[in-house]
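Please read the structure below before turning to the comments.
The values are calculated or read from the model by the stated rules, or taken from the named source; none is laboratory data. A quick note: this is a predicted structure, and the numbers were derived from the prediction, not measured. As a convention, Cβ positions derive from the backbone with ideal geometry for all residues, glycine included, and neighbour counts pool all protein chains shown.
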Amino acid sequence: MMDKKAATSAVVITGADLPTDMATARSLKRLHVELVGLYKNKKSVFVRSRFWDRLIYLGEKAEPGQYMETLRQLGRSASRPIVLFPTQDEIVQLVSDHREELSRWFKFVLPAKETVDTFLDKTKFHPWAVARGFSVPPSCLVSSRKELESALNSLGYPVILKPLYKTVEWERHGRQKAYRLKGRLDFETIGFDLFQDAPRFIVQRWIEGGDANVHFCLTCCSSDGEELGYYTGKKLLQWPIGTGSTAICVGTENEKVRVLTREIFQAGQFRGLGSVEFKYSSKEHKYYVTEPTVGRPNLQSYVATAGGVNLIEMAYWNALDEIPRKIHTRRKAIWIEEQFARRSVSEMTECRILLFKEILRAIFGGAVLSFAYFRIVDPLPFATWCRESVFKLFRKYRYEATIRELATKDIEPNVPPGALFILVDKGLGLKIGGHRRSVPFPERDGKWAGYPADDAAAIAELERLRSAGVQFMIFPAPMFYWLDVYPELKNRLLTQCRCVVNNDRALIYDLRS
């Protein structure tokens, strides 16, 4: 760790419990600075990184106002320059809104407030991009269920639905980056109240193409708008597949994407860190702008550091009004988010061999391999994640043993062959003989859709599945707590359905009665 007294300056990074922030800290490891991380999640593996010199816990439900007060306290007590790296959209907005006050203590580079507001708010960015001739997918912006219904009718299916920005509630509940709706049924079975977690959403027409059609350009611009450095790449895999965050990406030499990004940033008089994500339409031979990032690094930014273009270090020197130092030679790199990659690969139904071939081809071609968790000189985040993964597998094994006993002693004698039944188990599922089939609850695309938002959502999903032919609902013992969390669902089952099994292993309700 850094000797705090010897450090010439400090760096404050606003989300030490996130992979983006740990990558930011790792990118600054060469510098003689004190690394200070703000965080909310005490259980995060990323706060175990050896590169943090100081960590400040804000509380699990910290709001932007608490971040602001913490920054004020840090600034007032500082005796040396502090470079500020906001790493979440809400905190970028906070810093932009309070830039005059914060600039008394902190060094940072952001575009003008109007540009930050435009690039963060998709209600503004979409018409801004269209007016300047940039290709964006046909979109609608909605802030109510009624507007959402109208947008879906107007655009038709398939579409992508995503929040204008990820709120604290959205991240706390672990919602996906975006949801792909292939039809009306997908919309009706999302499984939670969208507008409770985020106030506004963008509905975008789906651009055909797989994960490898998603390209990006990471950039750092000087206070004068000069491009200090860039790194282009493309995603090989996302989680969830098709709509999610980067699981695996690789550096590329894509001049077209670089030029488009530069044109967008020049039009917006861009300053500081940023990036633009594109979706390439093979059918139209055209790049569509899908998502800009302003004022911060993003999840896959470390691929640039691994590829010899340390944009984070450039941003540090830029904030101090010093000329960024050219250190490495540009090279191809692969970046892997281990947890997302494991999930995506396990769910791939096709092209798995092609994916591995492309990764191996890049590695044998000299590409540097880098990871979100693993780093030899910083082992604790990866080791902690591995330990937690092993514990989860052990718990899953024990749970599956319980379910096998339940299947033999309770399900087979009481659920007739050929029956369709709900198994409340967070989507683990159950293979059982007699052509009986389990359905997760709530269900979307045959998978568990997460916890229902409330009793009304749980009951609505129950009735939807009943009308689809589901005949039984089964609660294994570890899931009995659901009936405490959703008392109205419990009351509906008790008053309208017959309980055919009630023991220490399971509750089974016959939905036909």
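The set of residues in segment 429-446 being under 25 Å from LEU181 (Cα atoms), touching an Asp or Glu at 6+ places or on another chain (Cβ under 8 Å) and at pLDDT below 70 consists of ASP445 alone. Scan segment 285-338 residue by residue and report those that are over 19 Å from the mean Cα position of the chain (by Cα), among the polar types (S, T, N, Q) and over 22 Å from GLN266 (Cα atoms). THR305, THR329, listed by residue number.
Against the condition exposed (fewer than 13 other Cβ atoms within 10 Å of the Cβ), charged (D, E, K, R) and either at pLDDT below 80 or not in a strand (DSSP E or B) (or both), how does ARG395 come out, does it pass? Yes; evaluated as a whole, the condition is true for this residue. Of everything in segment 364-382, what is surrounded by 14 or more Cβ atoms within 10 Å (Cβ to Cβ) and either out of contact with any Leu (no Cβ under 9 Å at 6 or more places or on another chain) or of a type in the set (Val, Ile, Thr) (or both)? Give them in sequence order. Result: ALA367, VAL368, SER370, PHE371, TYR373, PHE374, ARG375, ASP378, PRO379, LEU380, PRO381, PHE382. Considering ALA460, ALA456, ALA449, the condition of being under 29 Å from TYR179 (Cα atoms) and touching a residue at least 40 places away in the same chain (Cβ under 8 Å) is satisfied by ALA449 alone. For beta carbons closer than 7 Å, sequence separation of 6+ or different chains, a first residue in segment 103-121 that is closer than 24 Å to PHE201 by Cα and charged (D, E, K, R) and a second that is at pLDDT 95 or above and crowded, with 21+ Cβ neighbours inside 10 Å, the qualifying pairs are LYS113/SER96.
Take the residues of segment 440-464 that are aliphatic (A, V, I, L, M) and farther than 17 Å from LEU493 by Cα: which is farthest from the chain's Cα centre (by Cα)? Ranking the candidates gives ALA453 first.
Restricting attention to segment 405-422, the residues being free of Cβ contacts under 8 Å to residues at least 60 places away in the same chain, surrounded by 13 or more Cβ atoms within 10 Å (Cβ to Cβ) and assigned to a helix (DSSP H, G or I) number 2. Of the strands (runs of 3 or more DSSP E) lying entirely inside segment 132-186, the ones with 1 or more residues being more than 19 Å from LYS279 (Cβ to Cβ) are found at 139-142.
Which of the residues that make up segment 34-46 are touching a Ser or Thr at 6+ places or on another chain (Cβ under 6 Å) and either touching a residue at least 60 places away in the same chain (Cβ under 8 Å) or in a helix (DSSP H, G or I) (or both)? Hit for segment 34-46 is VAL45, nothing else.
Before we move on, is ARG330 surrounded by 14 or more Cβ atoms within 10 Å (Cβ to Cβ), part of a loop (DSSP other than H, G, I, E, B) and either touching a Gly at 6+ places or on another chain (Cβ under 6 Å) or hydroxyl-bearing (Ser, Thr, Tyr) (or both)? For ARG330, the condition - surrounded by 14 or more Cβ atoms within 10 Å (Cβ to Cβ), part of a loop (DSSP other than H, G, I, E, B) and either touching a Gly at 6+ places or on another chain (Cβ under 6 Å) or hydroxyl-bearing (Ser, Thr, Tyr) (or both) - is met. When VAL47, VAL33 are checked against the criterion of being more than 24 Å from the chain's Cα centre (by Cα), under 25 Å from ILE376 (Cα atoms) and crowded, with 16+ Cβ neighbours inside 10 Å, a single residue qualifies: VAL33.
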